[in-house]
Structures are given as C-alpha cells and as structure tokens.
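J.: Quick one: the structure is below, questions incoming.
The values are calculated or read from the model by the stated rules, or taken from the named source; none is laboratory data. Here the structure is a predicted model, which means the values were calculated and not measured. In this analysis, Cβ positions are derived from the backbone assuming ideal geometry, glycine residues included, and neighbour counts consider all displayed protein chains. Calculation scope for accessible area: heavy atoms of the full protein, side chains included, ligands and nucleic acids excluded. Shrake-Rupley method; radii C 1.70, N 1.55, O 1.52, S 1.80 Å.
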Amino acid sequence: MRVLLIEDDLDVGQALFQALRNNDYRVDWVRDARAARLAIDASYYAVVLLELGLLCGGGLELLRASRESGNKVPMLTFTTSHDPATRVRSLDIGADDCVLKPFDVREVLARIRAVLRRQAGYATSCIGDEALCLDLDRRTLSRDGVASPLSAREFALMHALLERPETILSRAQLEERLYGWGNEVESNALDVLIHSMRKRFGRNFIRNVRGIGWTLAGGEPKQHRAPSQAHAALTH
C-alpha cells in the first residue's frame, strides 16, 4: 500500500519511513510543500502524512489547496503545536486526523488504519463483507470465514480491489498502488501476483476484463478513471 510522507525533520522522517517500511507500506518521502504538491497531483496514494510546520512553510496551504482542487486522498497531519487552534484548523480545512508530536509510531499506524477503513466506509478494521473480508490490522483475507495471511503486495492488491469492489482497475492503476518511486517493476510482476492469488483463492477470484483491467469476481464492474497528470513529472 502506497503512502506519501511529507516531513522535513530528518530524524522524525527516517523513523517514520522505517516504521512504515517495516509494516509493508510503500513509502515516498518528500521534505517540502512544492515536491509534495507535485507528488499528490501526479500519483495515487492510499494516505498522505503531512507535517503542518514545514520549515519552508506551506503545510496548511498545501492541505487547503489539495482539498480545494477536489483531491480526496486521506490526509493525516502532524504538529508540535499544543495550541488546539492549530489542530482544529487543519481538521476544518480537510485533514482526516491530526496527531500531536512527539508521538508513538504505533499510534500513527493505528490512526492510518482507522483513516483507511473510514475512507472505505467501514467502522471496524475489516473491509468487504461476510463472503470476502480484508482485515487492515491483521493483514489477512477471510473468504467464507477462513482467514489467510497475505504478503505486502497481496495485501495492497486486495485493498485496491476491495476499496471499490465493482470498479475495474487498469494495469497502470494497480502498479501505482503496489510500487513506490524506487521500485523496479518487472513487466509481468502484476500478472504473476494475480496468478498466485488465483491459485490460492480460485481461478475466477480476480476477473480480467480484456483490454481494460481487473476487478473482483461478481457484480457489474465500472471502469475507474485515474487523474491525467503524468507520473513522469516527478523526481525522487
């Protein structure tokens, strides 16, 4: 699952980056508002982690501009300010949550899970239904009551497909959700992953719509249109 980290403090950034990586997130890390805006405009992210007090300024402005442009990516903000007005302002502008520094990384990870499940429209850590359920906390997939552990990429794939279960996602859209900037992506990596999931959960578990992409079996799928901005505009 792909995360954008916007943090200019090197120590905090490295600690968060490593903690997220250790929990199987694909992390893109930028340290100023300009680079962050380019990343948000050009790429898909499951969630954005934003330091409000960037030294170069622009944390709140970045949040406001993203929301005013119609971008609905979940955003979790950080602040060192003990003034409640700062946290209230970020929430009113459009943040999904706000965490006071210093924080425990375990709390940040829990808040990310909470934001993700709310984004998908669920009150608990599981998204899906009784027949097929993805547990965001345990990272398991339950099918007809039988839970199976997932690898990081299997989890990211299932989150993308279950987030909008009737949507067809193209190869480019799925690869963008599975891989970060620094990852080398082999041309058949997605096909191998989907083949592996079909071997585990059934041949018709993930349905291919020829010439368009993939969706979960069942239901009448709708094609998802991605933003038109070019990912090539980014540099790490």
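J.: First compute the accessible area of the stretch 88-221 with a 1.4 Å probe, then give the percent of it belonging to carbon and sulfur atoms.
T.: 46
J.: What order do Glu163, Glu130 take when sorted by accessible area (1.4 Å probe), most exposed first? Write out the running numbers ahead of the final one.
T.: Values: Glu163 30, Glu130 180 Å².
Descending accessible area places them as Glu130, Glu163.
J.: Which whole-number percent is the relative contact order of the stretch 2-120 (Cα, under 8 Å, 6+ apart)?
T.: Relative contact order comes out at 23 percent.
J.: Charges only on Cβ, +1 for Lys and Arg, -1 for Asp and Glu: so what's the dipole of the stretch 2-120 about the Cα centre, in debye to the nearest 20?
T.: Values: 17 positive and 17 negative charges, 91 e Å.
That gives a dipole near 440 debye.
J.: When a/c reaches 1.5 or more, the comparison of a/b and b/c decides; with that in mind, is the stretch 2-120 rounded, prolate or oblate per its Cα gyration tensor?
T.: In terms of gyration-tensor shape, rounded.
J.: Compare Ala160, Ala85, Ala19 in a GNM of the chain, Cα atoms joined below 10 Å, and give the one with the largest fluctuation.
T.: Ala85
J.: From the backbone phi of the stretch 79-96, what are the Karplus-calculated ³J(HN,Hα) couplings (6.51 cos²θ - 1.76 cosθ + 1.60, θ = phi - 60°) in whole Hz, Gly and Pro given as x?
T.: 8, 8, 6, 8, 7, x, 4, 5, 5, 4, 4, 5, 5, 5, 5, x, 5, 7
J.: Looking only at the chain, where both bridge partners belong to it, what percent of the DSSP beta bridges are antiparallel (to the nearest 5)?
T.: Restricted to the chain, the bridges split so that about 45 percent are antiparallel.
J.: May I ask you to evaluate 6.51 cos²θ - 1.76 cosθ + 1.60, the Karplus curve with θ = phi - 60°, for each residue of the stretch 33-47 and list the ³J(HN,Hα) values in order in whole Hz, giving x for glycine and proline?
T.: 5, 5, 4, 5, 5, 4, 5, 4, 6, 9, 10, 8, 9, 5, 7
J.: Considering only protein heavy atoms, what per residue accessible area in square angstrom results for the chain with a 1.4 angstrom probe? Intermediate results must be reported in sequence, preceding the final value.
T.: Numbers: 12070 Å² over 236 residues.
Per residue, the chain has an accessible area of 51 Å².
J.: If DNA, RNA and ligands are ignored and the probe is 1.4 Å, what is the ranking of His82, His159, His195 by accessible area, most exposed first?
T.: In descending accessible area the options line up as His82, His195, His159.
J.: Calculated from DSSP H runs of 4 or more alone, at -39500 (n - 2.57) each and per residue, what is the 222 nm mean residue ellipticity of the chain, nearest 500? Intermediate results must be reported in sequence, preceding the final value.
T.: Working: 8 runs with 91 residues, N = 236.
-12000 deg cm²/dmol, from helical runs alone.
J.: Give the residue from Ser43, Phe201, Gln173 lying farthest towards the positive end of the charge dipole for the chain; charges sit on Cβ (+1 for Lys and Arg, -1 for Asp and Glu) and the dipole is referred to the Cα centre.
T.: Comparing the listed Cα positions along the dipole, Phe201 ranks first.
J.: So, one more: Show me the trypsin sites (Lys or Arg not before Pro) within the stretch 65-117 that DSSP assigns to loop and that have at most 15 other Cβ atoms within 10 Å of their Cβ.
T.: Sparse-neighbourhood loop trypsin sites (Lys or Arg not before Pro): Lys72.
J.: How much accessible area does Thr80 have with a 1.4 Å probe, in Å² rounded to the nearest 10?
T.: Estimated to the nearest 10 Å², Thr80 gives 90 Å².
J.: In the stretch 10-107, which chymotrypsin sites (Phe, Trp or Tyr not before Pro) fall in coil by DSSP and have 13 or fewer other Cβ atoms within 10 Å?
T.: Phe103
J.: Around Ala36, what is the net charge, scoring Lys/Arg as +1 and Asp/Glu as -1 over all other residues with Cβ under 15 Å from its Cβ?
T.: -2
J.: Between Arg26 and residues 5 or more places away or on another chain, which pairs have amide H atoms under 5 Å apart, with H built 1.01 Å from N, and which residues are they?
T.: The answer is Arg2, Val3.
J.: Something else about it: Given H placed on each backbone N at 1.01 Å, which residues far from Cys126 in sequence or on other chains put an amide H within less than 5 Å of it?
T.: Excluding prolines and chain starts, which carry no amide H, the hits are Leu136.
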